[in-house]
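S.K.: I have a structure I would like to understand better, so I am pasting it below and will then ask my questions one at a time.
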Amino acid sequence: MKEFLEGSRAVAEIVKLCKPGVISAYPITPQTHIVEELAQMVADGELNAQFVNVESEHSAASVVLGAVATGVRAFTATSSQGLLYMAEVLFNISGLRLPLVMTCANRAISAPINIWNDMQDSISLRDSGWIQLYAENIQEAADLHLVGYRLSEDKSIMLPVMVCMDGFILTHGMETVDIPQQEEVDKFLPGYQPLYKLDPTQPLTMGLLADPDYYLETRFAIQETFKDVLKMIPKLNEEFKNHFGRDYKDGLVEEYFTRDAEKVIVAMGSVCGTIKEVVDAQRAKGKKVGLLKLISYRPFPYARVYDALKDVPRVAVLDKAVSPGAYAPLAIEVKAAFFGKKKSPKVISSFVAGLGGRDITLESVKEIFSKLTQKEVSLEFIDLKPELLKEEYGQ
């Protein structure tokens, strides 16, 4: 059934259809509307779940950890500083191999205080052992939660999934969204049957002390499982297409006019919609440009990126996060895809834009394409305002 919904409401509707037994979260902008809607659904009897109010994001993450550890499907959501406050527990969840889905409404990290969108929060936790999937639009954000639960709970995976959607742009944006019926979801996502759980009748130890003889193997096992995730995501997206009719191809990347392109931008999230608009306009003028949209950032689909870009002469990587003192995070991964390979783009330039909610306009994207005619750029900030730097540093 198609409805015109706010992004947060669409996510809440999908989560309701996934039938979590426990929901716990702490309000933080711009995530609040998601769990606010879910709390109302529980209060109104629309969702048979326990909504646990807590005093912090750390506590919320701890509650859902405990819920899943005892064999109950659970859900949480957060943003920005809240995600960082959860960090200790997020590493525990993945280390305990507990299946869970969490929404990250991407927002800038303080200081200075900023409530608007970039991807610094989730990117900062890229090594937490969570699968990270990034949505371009509200429909995709909703659908990724369905795929996320199936992926996370698969007995060969058993790792948590973070669905990342741009704060305000998607959480508070309005879009016509196809919300499936409960029976359709039940066929795609059966009730949760835990592989293991805490049960007094069958004693089990979780999170025991691992000395140097064992700890390395636990990290290796997670690393190896991420290889299985790369194989599982395409299979689940094919099954998703057969159930719901929406085709996300392999669910790892989306190639948009890349096969004959002379210039391609690589990006994640809602900015891909803006880039597609520019690509369409440039294509109408006979210019061979394209977009490679990354959906799965962890695990990173190196082979797919290589295949999509190996014959493209000039590539720009657009990051909405920085790694101070190093190259931009997404750019590092894209360049690594070509390490030791025989074929590679002549230019892989790195651009940073949209930090703290700065608009990435059509003109911004056109500027990136135009700069690809020049020499390779290592790390260029788009739409930087030099006059503000003079105020800050007196230079």
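Every read-out reported here was derived from the displayed coordinates using simple, explicitly stated rules and does not represent laboratory data. For clarity, every value in this text was computed on a predicted model and none was experimentally measured. Glycine also receives a Cβ, built like all others from the backbone with ideal geometry; neighbour counts cover every protein chain displayed.
S.K.: Using the Cα centre of the stretch 307-392 as origin and beta-carbon charges of +1 (Lys, Arg) and -1 (Asp, Glu), tell me which of F339, I360, P329 is placed farthest towards the positive end of the dipole.
M.R.: It is F339, whose Cα lies furthest towards the positive end.
S.K.: Using only Cα atoms, find the angle between the long axis of helix 7-17 and the longest principal axis of the chain, and express it within 0 to 90 degrees, rounded to the nearest 10.
M.R.: The angle comes out near 40 degrees.
S.K.: Using the number of other C-beta atoms within 10 angstrom as an exposure proxy, rank V147, V89 with the fewest first.
M.R.: So the ranking, lowest neighbour count to highest, is V89, V147.
S.K.: Report the gain in length on full extension from F220 to E380: 0.36 nm times residue separation, minus Cα-Cα distance, nm rounded to one decimal.
M.R.: Residue separation times 0.36 nm, minus the Cα-Cα distance, leaves 54.1 nm.
S.K.: Taking amide H atoms as placed 1.01 Å from N in the peptide plane, list the residues 5 or more away in sequence, or in a different chain, whose amide H sits under 5 Å from that of N106.
M.R.: Excluding prolines and chain starts, which carry no amide H, the hits are M165, D166, G167.
S.K.: What does the extension gain come out to for K241 and D311, with contour length at 0.36 nm per residue minus their alpha carbon separation?
M.R.: 22.3 nm
S.K.: While we're looking at this one, here's another question. Using +1 at the Cβ of each Lys and Arg and -1 at the Cβ of each Asp and Glu in the stretch 2-244, identify which of L100, A221, Q50 lies farthest towards the dipole's positive end.
M.R.: A221
S.K.: Could I ask something else about it? First select every other residue whose beta carbon is under 9 angstrom from the beta carbon of I360; then total the charges, Lys and Arg +1, Asp and Glu -1.
M.R.: 0
S.K.: What is the P(r) of the stretch 200-300, as percent of Cα-Cα pairs per 10 Å bin from 0?
M.R.: Reading the bins upward from 0: 13, 27, 26, 17, 10, 5, 1.
S.K.: Separation between the A87 and M1 pseudo-spin-labels, each 7 Å from Cα along Cα→Cβ, expressed in nm?
M.R.: 4.3
S.K.: In whole angstrom, note down how far apart the Cα centers of the stretch 241-263 and the stretch 296-374 are.
M.R.: Result: 18 Å between the Cα centres.
S.K.: Structure shown: which of K285/K320; K231/K276; K285/K335; K310/K341; K287/K341 lie over 19 Å apart, alpha-carbon to alpha-carbon?
M.R.: Going by Cα-Cα distance, K285/K320; K231/K276; K285/K335; K287/K341 fall outside the 19 Å limit.
S.K.: Then there is this: Magnitude of the Cβ-charge dipole of the stretch 253-393, K/R +1 and D/E -1, about the Cα centre, nearest 20 debye?
M.R.: Charge dipole of the stretch 253-393: 660 debye, to the nearest 20.
S.K.: Estimate the FRET efficiency between M174 and D211 by the formula 1/(1 + (r/R0)^6), using the beta-carbon distance for r and 51 Å for R0, to the nearest 0.05.
M.R.: 0.45
S.K.: Based on alpha-carbon centroids, what's the gap between the stretch 1-39 and the stretch 84-122 in Å, whole number please?
M.R.: That distance is 17 Å.
S.K.: Starting from the amide H of F381, placed 1.01 Å from N in the peptide plane, find each other amide H under 5 Å away whose residue is 5 or more places distant or on another chain.
M.R.: The answer is V352.
S.K.: Something else: Please name which of F240, I169, P112 has its Cα lying farthest along the dipole of the chain towards the positive end, using unit charges on Cβ (Lys, Arg +1; Asp, Glu -1) and the Cα centre as origin.
M.R.: Positive-end residue among those listed: F240.
S.K.: Reachable aspartates and glutamates from K343, Cα under 14 Å, same-chain residues fewer than 8 places away excluded?
M.R.: D307, D311
S.K.: Right, something else. Just need log10 I(q)/I(0) for the chain at q = 0.07, 0.08, 0.13 Å⁻¹, Debye formula, equal scatterers on the alpha-carbon atoms, no solvent, rounded to two decimals.
M.R.: Per q value, in the given order, log10 I(q)/I(0) is -0.32, -0.42, -1.09.
S.K.: Also, I was wondering about something else. Please state, as a whole number in µm²/s, the translational diffusion coefficient that the Stokes-Einstein equation yields for the stretch 253-393 at 37 °C and 0.692 mPa s, with Rh defined as the Kirkwood radius across alpha carbon pairs.
M.R.: Calculated translational D: 215 µm²/s.
S.K.: Which of D250, D44 comes first, and how do the rest follow, when ranked by fewest Cβ neighbours within 10 Å?
M.R.: D44, D250
S.K.: Please rank K19, K155, fewest neighbouring Cβ atoms within 10 Å first, as an exposure proxy.
M.R.: Ascending number of Cβ neighbours within 10 Å: K155, K19.
S.K.: Under a Cβ-only charge scheme (Lys and Arg +1, Asp and Glu -1), can you give me the dipole magnitude of the chain about the Cα centre, in debye to the nearest 20?
M.R.: Result for the chain is approximately 1560 debye, rounded to the nearest 20.
S.K.: Please determine, in degrees from 0 to 90 and to the nearest 10, the orientation of helix 138-153 with respect to the longest principal axis defined by the Cα atoms of the chain, where the helix direction is its Cα long axis.
M.R.: So the inclination is approximately 50 degrees.
S.K.: For the chain, what is the mean residue ellipticity at 222 nm derived from helices alone (per DSSP H run of n ≥ 4: -39500 (n - 2.57); sum divided by total residues; nearest 500 deg cm²/dmol)?
M.R.: About -12500 deg cm²/dmol.
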